[in-house]
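Visitor: Before I ask anything, let me first share the structure, which is written out below as structure tokens.
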Amino acid sequence: MSKQGVSEHSNPALVTISKLKQTGTLRERLSDQLAIEAPLLIVVVIKQQPIELATIMRTPGDDQALALGFLLSEHIIKSAEDVSDIDVSEDNEITLTLAEHIKLAKQHARTFTSYSGCGICGKASIKQLALNAQRKIDEQTRWLDLIAVVNATNELKSRQTLFNQTGAVHGAALVELINGQVSWLACKEDVGRHNAVDKIIGEHLLTAKPNKYILLLSGRISFELVQKAVMAGISVIAAIGAPSSLALQTAQQFNLTLLGFIGNEQANIYCNEWRLTDSNLESTIEQK
């Protein structure tokens with residue numbers, strides 16, 4: 001897989017603006033930084049025929065990983081070997097030449113726009129996900145150290161450099177537990193939480209088997225994020241926020257462990273607790 005034009009048209013993720021800030025009766029003009037939100041047109045070439053597949057509202061940066069992760073999440077490719085060439089020589093546009101055997105499904109026949117607050121936006125369903133899921137979810141028991149995951153999730157905010165500058169982006173990270181110790185593989189940020197996850201998938205999971213990988217999220221757990229985890233073969237999601245009802249239903253169906261409302265030494269375990277170790281557990285109290 002080759003790529004062209006990487007350095008010629010790189011987009012920064014920040015823009016400096018002027019603002020007025022009022023504190024009490026004092027008003028002053030200050031400079032500030034905002035996270036850039038800009039469209040990325042994804043074009044795929046199949047049998048020498050270019051097709052404008054999607055326009056994604058995203059934070060510039062990691063566009064190649066974003067596009068690859070998007071294609072995997074949409075069940076268009078299964079691995080990096082399905083893409084023979086990547087061209088990013090045009091501003092806010094990326095063209096991916098796909099292998100000869102790749103075919104587009106009917107739902108990809110027309111261009112659609114994915115906004116920063118919207119992932120699949122109802123375009124997919126759990127039934128479609130069951131048909132498209134291509135990676136087996138690891139079902140090994142008693143390997144997940146909850147305290148280690150809680151500490152890693154709490155550490156995520158300090159690793160979100162763009163959020164700390166702007167307060168306007170979501171964060172996602174991929175970590176691995178090795179002998180109970182957390183190994184950080186990636187941390188991505190974007191105005192769209194689903195884009196941050198796609199960037200991780202595109203960079204790390206097209207060529208790797210997830211095994212004991214854990215997806216960390218800076219906000220809530222929505223259905224489209226569980227959908228992306230299923231497609232990538234990730235078995236655990238841990239987040240600062242809670243899951244939606246559909247996210248929980250999907251995680252239960254595909255045997256993902258969901259951990260949410262993570263704070264200081266605490267977490268809600270929503271489903272599939274059989275992955276958790278009991279080494280630090282004193283007792284379990286069941287509601288009567």
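Visitor: Given a Förster radius of 25 Å and the C-beta distance between Ser244 and Leu185 as r, what FRET efficiency does 1/(1 + (r/R0)^6) yield to the nearest 0.05?
Guide: Computed FRET efficiency for Ser244 and Leu185 comes out at 0.45.
Visitor: Using all C-alpha to C-alpha distances in the chain, build P(r) with 10 Å bins and read off the rounded percent in each one.
Guide: Bin by bin from 0 Å, the calculated values are 6, 28, 33, 21, 9, 3, 0.
Visitor: Please compute the contact order of the chain in relative form: average sequence separation of alpha-carbon pairs under 8 Å and at least six residues apart, divided by the residue count, as a percent.
Guide: Dividing the mean separation by the residue count of the chain yields 18 percent.
Visitor: What stretch of the chain, leaving out the sites themselves, is the longest with no GluC sites (Glu not before Pro) in a DSSP loop having at most 16 other Cβ atoms within 10 Å?
Guide: 140-264
Visitor: A follow-up question, please. When each pair of different Cα atoms in the stretch 191-284 is counted once in the 1/r mean, what is the Kirkwood radius in angstroms, to one decimal?
Guide: 13.6 Å
Visitor: At a Förster distance of 45 Å, what's the computed FRET efficiency of Ile147 paired with Glu100, Cβ-Cβ distance as r, to 0.05?
Guide: Efficiency, rounded to the nearest 0.05: 0.40.
Visitor: Net charge near Val15: determine it from the other residues with C-beta under 13 Å of the C-beta of Val15, scoring Lys and Arg +1 and Asp and Glu -1.
Guide: Surrounding charge for Val15 is -1.
Visitor: If you don't mind, there's one more thing I want to ask. For Ile237, what charge total do you get from the other residues with a beta carbon under 13 Å from its beta carbon, if Lys and Arg give +1 and Asp and Glu give -1?
Guide: Here the count lands on +3.
Visitor: Taking the Cβ of Leu225 as the centre, find all other residues whose Cβ is under 14 Å away and add up their charges (Lys, Arg: +1; Asp, Glu: -1).
Guide: Result for the neighbourhood of Leu225: +2.
Visitor: Sorting Lys212, Lys136, Lys199 on the 10 Å Cβ count, fewest up front, what's the list?
Guide: Ascending number of Cβ neighbours within 10 Å: Lys136, Lys212, Lys199.
Visitor: Take His101, His75 and order them by how many other Cβ atoms sit within 10 Å, fewest up front.
Guide: His101, His75
Every read-out reported here was derived from the displayed coordinates using simple, explicitly stated rules and does not represent laboratory data. Predicted model only: the values in this text are computed from it and were never measured. Reconstructed Cβ throughout: ideal geometry from the backbone, glycine too, with neighbour counts over all protein chains shown.
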